[in-house]
Amino acid sequence: MKRSIFVVMTVALFAVAFVFTCVPYARGEAIKLTYSNFFPPTHIQSQLADAWCKEVEKRTHGEVKVEYYPGQTLTKAQQCYDGVVSGLSDIGMSVLGYTKGRFPVMEVCDLPLGYPNGHVATALVNAVYEKFRPTELSDTVVMYLTAHGPGILHTKGKAVRKMEDIKGLKIRSHGTSAKVVQALGGTQVAMPMPETYQSLQKGVVDGAVYPLEANKGWKLGEVIDFCTRNISSSYTTAFFVVMNKDKWNSLSPKIQQTIQEINTEWIAKHGEAWDNSDEEGLELLKSLNHEMIEQDAAEAQRWQEAVQPVLKEYIDAMKEKGLPGAEALTYAQETLKEMK
């Protein structure tokens, strides 16, 4: 009898020790997570990420606290995804296209499909992910995705009124947007957004492609003179918010459900924020007396036709890899028409 009591007590002690060792919040300690973001702290997308962190802490009643690191202070933009995989950060937000070829199926969202706004772009990128669930993102847990409004042309010193005007200009771009620049006749210069301001200021590049919001959010309106609103050939850029798989699996089902609920809400918040900041970026350009160049129907059609080879190249590349590129493009185009 004494031996049985001893065994029961020993098992009980081990169980208590396990709970207090492996489940910090069981003894009143918060679970601490780190969040890396390349956006500067003043940017609305950075502020939304910070608000996400605070919302997680609020709704988990302090069981989870997220330490937020904006402005590339934890990992650089190009290193962010791998940083999450390896555990340099628990959560990260950056651009899928900054690691070219790493996310082939999701590249369909960056194609020049003629995006009308950020709300639609954000809804589409999440729809594509949910439809195809590509394995390229399976080494993390996707919180949600987002995408900015129409990526259009901005130049310094020279106005681009027709497609021929872009010839010979060095245009900052990245990933798929670099192919768009080439298709339109420009010379693409690959670089992430944080390097764009200085490159425009010093004349390293003659222009850049980006959404209107960056004129204020990244202060690029200070270093450009013209904006060509080539909406018919506009692209978007898909952003990820992902979490380290081991860290996610260490959370309780209740906490996971709470975070997933917040994620769903934040998709809409990001889409709305992209559109609001596009309007602010446009107003800034007007206040600086920069010229907004609108395209007539004929010129818009020319630009749209010029970028079609980019779409075909995507399909061919995906076919060689045995990936559903054609299906993804068809789905994206049809879904985009429904959303417009």
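The values are calculated or read from the model by the stated rules, or taken from the named source; none is laboratory data. From a predicted model like this one, the values you see are computed outputs, not experimental measurements. Counting neighbours? That spans all protein chains shown, and the Cβs are built from the backbone with ideal geometry, glycine included. SASA here: full protein model, heavy atoms, side chains in, ligands and nucleic acids out. Shrake-Rupley method; radii C 1.70, N 1.55, O 1.52, S 1.80 Å.
Electrostatic bookkeeping for Ser277 treats Lys and Arg as +1 and Asp and Glu as -1; over the other residues with beta carbon under 14 Å from its beta carbon, the sum is -4.
Take each peptide in 309-320, 70-81, 89-100, count the other Cβ atoms within 10 Å of every residue, and average; sorted highest first, the result is 89-100, 70-81, 309-320.
When the stretch 231-328 is described by a simple charge dipole with +1 on each Lys and Arg Cβ and -1 on each Asp and Glu Cβ, the residue from Trp303, Thr258, Ala238 located farthest towards its positive end is Thr258.
Once the gyration tensor of the Cα atoms in the stretch 163-283 is diagonalised, the equivalent ellipsoid follows with semi-axes of 35, 16, 14 Å, ordered largest first. Calculate how many DSSP beta bridges within the chain are antiparallel, expressed in % of all such bridges and rounded to the nearest 5. So the antiparallel bridges in the chain amount to around 50 percent. Using a probe radius of 1.4 angstrom, the carbon and sulfur fraction of the accessible surface of the chain is 54%.
Structure shown: which of Lys158/Lys219; Lys32/Lys254; Lys167/Lys321; Lys179/Lys286; Lys54/Lys269; Lys312/Lys337 lie over 22 Å apart, alpha-carbon to alpha-carbon? Check vs 22 Å cut-off fails for Lys167/Lys321; Lys179/Lys286. Local charge for Lys65 was computed over the other residues whose Cβ lies under 9 Å away, with Lys and Arg +1 and Asp and Glu -1, and equals -2. In the context of the full set of protein chains, the stretch 204-340 has a per residue accessible area of 48 Å² (1.4 Å probe). Estimated purely from DSSP H runs of n ≥ 4, each contributing -39500 (n - 2.57), the mean residue ellipticity at 222 nm for the chain is -14500 deg cm²/dmol once divided by its residues.
Suppose we look only past 34 Å in the calculated P(r) of the chain. What percent of the Cα-Cα pairs does that tail hold? Looking at the chain, the distances longer than 34 Å represent 29 percent of pairs. Computed over the stretch 247-340, the percent of Cα pairs more than 16 Å apart is 78.
Electrostatic bookkeeping for Ile171 treats Lys and Arg as +1 and Asp and Glu as -1; over the other residues with beta carbon under 13 Å from its beta carbon, the sum is +4.
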